[in-house]
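Report on one structure; see the data block that follows.
Values in this text are rule-based calculations from the coordinates and carry no lab data. Just so we're clear, the structure is a prediction, and the values are computed from it rather than from any experiment. Cβ coordinates were reconstructed from backbone atoms using ideal geometry, including for glycine residues, and neighbour counts include every protein chain displayed.
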Amino acid sequence: MGVGVATFPLARTDESLYREAVAGSRASLDDLFLRYRPLAYRVAFRLLGNEADALDAMQDAFLKAMVHLPSFQGRSSFKTWILRVVSNASLDLGRQRGRRETLSIDALGPKQREEHEPITLPNPASELDRQDLRRALQEALAELPIAQRQTFVLHAEAELSYREVAETLGISIGTVMSRLYYARIRLRNLLEPWLNPE
């Protein structure tokens with residue numbers, strides 16, 4: 001009796017899921033959206049600074065993506081395309097609703113906070129310091145001009161390369177580098193107390 005070799009299903013590529021989704025496979029469409037939902041939420045949250053708005057923007061973006069999926073021509077990766085849709089939906093919602101007060105994620109319980117906090121922050125000595133740092137980071141991001149904030153979030157939060165950010169936003173790599181340079185300077189100045197505590 002021979003020893004069987006265990007086989008594991010290969011991870012499906014975005015391209016294969018996309019082709020099947022366009023052909024009518026609801027399961028493939030669900031798989032694509034599930035794959036990018038956490039990343040889409042983090043980008044929307046960092047652009048809007050508000051959990052409810054981020055969820056609304058993400059829902060709106062996924063509906064738009066579903067409608068326009070057949071027009072996606074593969075000139076960029078699916079990841080950069082969906083993040084462009086999410087980013088634009090977030091900025092549109094932000095403009096529609098104006099600057100609302102940020103929902104304090106600190107008001108959530110520890111388990112809920114863990115589920116909704118979009119990025120892992122440095123681990124300061126106390127929970128109070130961590131909450132203050134989260135608040136300071138979100139306030140600092142809100143101070144950036146929209147173009148810089150969008151570019152910074154896509155690069156730092158979504159971990160897109162310069163080229164992917166350029167594709168997502170339809171700008172040159174030089175413009176990406178310039179926006180990131182000025183965003184980092186501004187954030188460094190705004191977060192100075194956290195970077196160099198006395």
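Other residues with beta-carbon under 14 Å from the beta-carbon of E159 carry, at +1 per Lys or Arg and -1 per Asp or Glu, a net charge of +2. Sorting the segments 79-92, 177-190 by their residues' average number of neighbouring beta-carbon atoms within 10 angstrom, most packed first, yields 79-92, 177-190. Just add up the charged neighbours of S25: K/R +1, D/E -1, any other residue whose Cβ is under 12 Å from the Cβ of S25. Once positives and negatives cancel, what remains is 0.
Tell me, what is the FRET efficiency for Y181 and Q96 to the nearest 0.05, using R0 = 25 angstrom and their Cβ-Cβ distance as r? Efficiency at R0 = 25 Å is approximately 0.25.
For N189 and K64, what does the FRET efficiency come to when R0 = 25 Å and r is the distance between their Cβ atoms, rounded to the nearest 0.05? Between N189 and K64 the formula returns 0.10.
Placing a pseudo-label 7 Å from each Cα along the Cα-to-Cβ vector at S16 and F72 gives an inter-label distance of 1.6 nm. Work out the FRET efficiency for S172 and A142 from their Cβ-Cβ distance, taking R0 = 30 Å, and round it to the nearest 0.05. Efficiency, from the Cβ-Cβ distance: 0.70.
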